[in-house]
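> Before I ask anything, here is the structure I am working with.
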Amino acid sequence: MDERKTVLQVKDLQTTFFTDSGEIPAVDHIDFHLREGEILGIVGESGCGKSVTSLSIMGLVPKPPGKVVGGNILFGDKDLLTLNEKQMRRIRGNDIAMIFQEPMTSLNPLFSIGNQMTEAVRIHEKGWSKKKAEGKAIEMLKLVGLPRAEEMMRDYPHQLSGGMRQRVMIAMALVCDPKVLIADEPTTALDVTIQAQILKLMRELNTRLNTAVLLITHDLGVVAETCERVIVMYAGQIIEEAPVKMIFDDPQHPYTKGLIQSVPDMRFKKDRLYSIPGSVPKPGSIQHGCRFAARCEFAFDRCLTENPELYETSDVHQTRCFLYDREGVEQHDNKALIES
Amino acid sequence: MTTKPLLKVEGLKKYFPIKKGILGRTVGHVKAVDDVSFYVNEGETLGIVGESGCGKSTTGRMLMRLLEPTEGKVEFDGKDLTSLSTEEMRKTRRDIQMVFQDPYASLNPRHTIEKILEEPLIVHGMDNAKERKKKVHEFLEIVGLSAYHAKRYPHQFSGGQRQRIGIARALMTNPKLIIADEPVSALDVSIQSQVLNLMQDLQKEFNLTYIFIAHDLGVVRHISDRVGVMYLGKIVEMADSEQLYAKPLHPYTQALLSAVPVPDPDFKKEQILLEGDIPNPANPPSGCTFHTRCPYKMEICTKVTPRLIEHDSGHSVACHLYSEQVDNDIKQLEGSI
């Protein structure tokens, strides 16, 4: 078992969007924890709720229409959901930092890098002189591997390339030595050669600073290369959780299996790709049964009426599928017997 | 499969002028595509890969003359497209169709699917109203949708379904060549594989030739027979896809392939990390444009631009590492004589 302390615990989190066309449960009762110094991946396709999960942790869900309607987010001895905006602001950046997909929209185009970096430092280190803050900013820029850091302080965001901007964002996020870094699709907008640089940087910083990383991505390759443990989300729910090796060697949920087989592998050519039929259901459209049932080749009667829970298949592996419930296996086998 | 080239491109160039000052004087050029030559055989799929700004999309657009080439020849089915008049070119586009990346932006939101699919037929004066309608329904079924979808509007479809509509539209005029510019990069993995399979099925059914432009190396390998790798407006390597992925020759291709994350945590590979970023195409490095990031840089690379030379049969590479080899071979040959 892993001995490391849990830094962040999400319990029964529910985030709902209240729109004109009804209530949409974007995140539907999810539980997970993040350990000290660990890289945990959340993977899923668009609309599965992975980004809303991260925004809920940071208290950044756009309100209205969104609202966290239930659950707890425990960080240390605090429940982040009970904090007011002022207390929350102290947590953000200091204890939990976040980087986003598009580094251009996250930086202010009107201020120089130096200006924005020192601002970030001085918000969190009250009473530091400008000089001292600048020194820290330059140190951080060097830490993330930016050449000519001193000169870069005078540059504006548009003068930097996408990869450099993402490095600046990481530097800024790490200024206050946060315990948790949430990275929401940090390399999706970057080219592969630059992506490789940024992922390597994130792994290095994780080992060096012992920052726990919650990496949100749709790219299974990125997960395989970066994460220790993986959570797979589908339609607002966690459907599988396991150490990264197990997810790829022994995927259990039919969705995870299908997803892994759908990715064209660069190393060898398949004649035909596996494809999961149909498309992701609209959030909230499925009231009864497993949310994946309509696309699942193993679905049986029970899948259409009951919502499966997360079944533990080993100490570290959980799957939301009736095939891994003892009762479910029997029913499924019986049905197969009758059919044959 | 026949091996007649359907499309032959020679010395294709596109220089975008950089204008400065109130008078808008041209102070330089961005060499978006710089002397690109290749061919595509009938019935095959040519993949073009490269990172952003390498000129892969500009190349695709020039083939259809959606952008006018600065220089070069595009020979399609025996005709030189660059010398055709606008009207003749318009007629030729019946045989060359395009599928775009963004299925949200490439369908008119105010038109029904029926109107969108019918339009290419009207433009090219094909069929009468009744036949057109029949054809719309037929092609909707072919791409995996249903005839009743014809009355709906684009916003009622998901991304994957919209891309299917985009493909159906491209097929309406019975084209010979389809240029697909990042057709699956906006789609989720599970939908991406559906669309790739559909494109492969259609290729067999209608004997289509594809030019498949994408940045995802896994996707390109899956669908392509041959692959060209572009860097800063030039093709740096071109080979059969099996050969290119098994034995990449150009240092850029090697780095690019090693940078792709593989969905298998047990797979340990040697990663060649490239330093720095892609240089500014308005002011590309002298000699070989890759020399600023190349781990095997030699003196000659900063001075002389390497040409794309056939190294093995069907495997061409533009790199001095190999041209030297050729030179040596020649010397050896001369010596033995």
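> If you take the square roots of the eigenvalues of the alpha-carbon gyration tensor of the protein assembly as shown and sort them as a ≥ b ≥ c, do you get rounded (a/c under 1.5), prolate (a/b over b/c) or oblate?
On the way: a/c = 1.68, a/b = 1.19, b/c = 1.42.
Oblate, since a/c reaches 1.5 and b/c is not below a/b.
> Here's something else I'd like to know. Non-local amide H neighbours of A:His29 (under 5 Å, H modeled in plane, Pro and chain starts lacking H): which ones?
For A:His29, whose amide H was placed from the backbone, the distant partners under 5 Å are A:Gln14, A:Thr15.
> May I pose another question? Once phi is turned into θ = phi - 60°, what whole-Hz ³J(HN,Hα) does the Karplus curve with 6.51, -1.76 and 1.60 give for every residue of the range A:242-258, x standing for Gly and Pro?
The phi angles translate into 6, x, 4, 4, 5, 4, 8, 7, 9, x, 9, 5, x, 5, 4, 4, x Hz.
> Can I ask one more? Under a Cβ-only charge scheme (Lys and Arg +1, Asp and Glu -1), can you give me the dipole magnitude of the protein assembly as shown about the Cα centre, in debye to the nearest 20?
Values: 83 positive and 91 negative charges, 504 e Å.
Computed charge dipole of the protein assembly as shown: roughly 2420 debye.
> Antiparallel versus total DSSP beta bridges in chain B: what percent is that, nearest 5?
Numbers: 30 of 48 bridges.
If we restrict to bridges inside chain B, about 60 percent are antiparallel.
> Output the relative contact order of the range B:270-322, whole-number percent, from Cα pairs under 8 angstrom with separation of 6+ residues. Could the numbers behind the result be given before it?
Details: 50 pairs, mean separation 13.7, N = 53.
About 26 percent, as a whole number.
> Using Cα pairs under 8 angstrom and six or more residues apart, how large is the relative contact order of chain A, in percent?
Over chain A, the number comes to 19 percent.
> Run the simple label-point estimate for B:His155 and B:Lys247 please: 7 Å along Cα→C-beta, distance reported in nm.
5.6
> B:Ser83 to B:His111: FRET efficiency via 1/(1 + (r/R0)^6), r the Cβ-Cβ distance, R0 56 Å, to the nearest 0.05? Working shown, then result.
Details: r = 34 Å, r/R0 = 0.61.
According to the calculation, E is roughly 0.95.
> Once the Cβ-Cβ distance between B:Lys73 and A:Glu204 is put in as r, and R0 is 41 Å, what FRET efficiency do you end up with, to the nearest 0.05? Don't jump to the answer; show the numbers that get you there.
Values: r = 49 Å, r/R0 = 1.20.
With R0 = 41 Å, the Cβ-Cβ based efficiency is 0.25.
> Can you compute the label reach from B:Thr26? Point 7 Å from Cα along the Cβ direction, backbone N cut-off under 16 Å, restricted to the range B:51-68.
B:68
> With everything on Cα atoms, drop me the angle between helix A:130-143 and the longest principal axis of chain A, reported from 0 to 90° to the nearest 10.
50
> Can you tell which of A:Phe298, A:Phe32, A:Phe268 shows the greatest fluctuation in a Gaussian network model of chain A with Cα springs below 10 Å?
A:Phe268
> Given springs between every Cα pair under 10 Å in a Gaussian network model of chain B, which of B:Asp77, B:Asp312, B:Asp181 has the largest fluctuation?
Top of the fluctuation ranking is B:Asp312.
> Could you pull out every one of the lysines with an alpha carbon less than 22 Å from that of A:Lys269, ignoring same-chain neighbours closer than 8 positions?
A:Lys257, B:Lys204, B:Lys247, B:Lys268, B:Lys269
> So if we plug the beta-carbon distance of A:Arg90 and A:Thr19 into 1/(1 + (r/R0)^6) with R0 = 41 Å, what FRET efficiency do we get, rounded to 0.05?
Numbers: r = 32 Å, r/R0 = 0.77.
Efficiency for this residue pair is about 0.85.
> Follow-up question, since we're still on this one. Which of A:Asp177, A:Asp271, B:Asp225 has the fewest other C-beta atoms within 10 Å, and how do the rest follow up to the most? Please report the intermediate quantities before stating the final value.
On the way: A:Asp177 12, A:Asp271 6, B:Asp225 17.
So the ranking, lowest neighbour count to highest, is A:Asp271, A:Asp177, B:Asp225.
> Follow-up question, since we're still on this one. What is the set of long-range amide H partners of B:Gly47 at a cut-off below 5 Å, with H atoms built 1.01 Å from backbone N?
Placed amide hydrogens put B:Phe212, B:Asp225, B:Arg226, B:Val227, B:Gly228 under 5 Å from B:Gly47.
> Considering only B:Glu119, B:Glu42, B:Glu205, give the residue with the highest GNM mean-square fluctuation for chain B, with springs between Cα atoms whenever their separation is below 10 Å.
Answer for the Gaussian network model of chain B: B:Glu205.
> With a cut-off of 8 Å between alpha carbons and a minimum separation of six or more residues, what is the relative contact order of the range B:49-118 in percent?
Details: 25 pairs, mean separation 11.0, N = 70.
Relative contact order comes out at 16 percent.
> Compute the Cα gyration tensor for the range A:19-81, then decide on rounded, prolate or oblate, letting a ≥ b ≥ c be the square roots of its eigenvalues: rounded whenever a/c is under 1.5, prolate when a/b is larger than b/c in the other cases, and oblate in all that remain. Intermediate results must be reported in sequence, preceding the final value.
Details: a/c = 2.38, a/b = 1.45, b/c = 1.65.
Oblate, because a/c is 1.5 or more while a/b does not exceed b/c.
> Another question, if that's okay. Rg/Rh for chain A to two decimals, with Rh computed the Kirkwood way over all alpha-carbon pairs.
Taking Rh as the inverse mean 1/r over Cα pairs, Rg/Rh reads 1.01.
> In whole Hz, with x marking every Gly and Pro, tabulate ³J(HN,Hα) for the range B:291-307 from phi via Karplus 6.51 cos²θ - 1.76 cosθ + 1.60, θ = phi - 60°.
4, 5, 10, 7, x, 10, 4, 10, 5, 4, 5, 7, 10, 10, 7, x, 8
> Now, a different point. Would you mind calculating the gained length between A:Asp271 and A:Lys245 on full extension (0.36 nm times residue separation, minus the Cα-Cα distance), in nm to one decimal? Please list the in-between numbers first.
Numbers: separation 26, 0.36 × 26 = 9.36 nm, distance 2.60 nm.
Extra length available between A:Asp271 and A:Lys245 comes to 6.8 nm.
> Okay, moving on. Would you pull out the residues with amide H under 5 Å of B:Glu71's amide H, same chain only if 5 or more places away, H placed 1.01 Å from N?
B:Lys13
> Per residue of the range B:64-78, in order, report the coupling 6.51 cos²θ - 1.76 cosθ + 1.60 (Karplus, θ = phi - 60°) as ³J(HN,Hα) in whole Hz, putting x for Gly and Pro.
After applying 6.51 cos²θ - 1.76 cosθ + 1.60, I find 8, 6, 6, 10, 7, x, 6, 8, x, 10, 10, 9, 10, 6, x Hz.
> By how many degrees, between 0 and 90 and to the nearest 10, does the Cα long axis of helix A:162-174 differ from the longest principal axis of chain A?
80
> So for the pair B:Ser52, B:Asn128, with labels modelled 7 Å out along Cα→Cβ, what separation do we get in nm?
So the label points at B:Ser52 and B:Asn128 sit 5.2 nm apart.
> Helices from chain B with mean Kyte-Doolittle at least 0.0 and a Cα length along the axis of 15 Å or more, per DSSP H: which?
Working: long enough: B:113-123 (16 Å, 0.85); B:129-142 (20 Å, -1.19); B:159-171 (18 Å, -0.41); B:189-206 (26 Å, -0.06); B:320-336 (24 Å, -1.09).
Those that clear 15 Å and a mean of 0.0 are B:113-123.
Every number here is computed from the coordinates shown, using simple stated rules; none is lab data. Please read these numbers as outputs of a predicted model, since none were measured by experiment. Ideal geometry is used to build each Cβ from the backbone, glycine not excepted, and the neighbour counts take in all protein chains shown.
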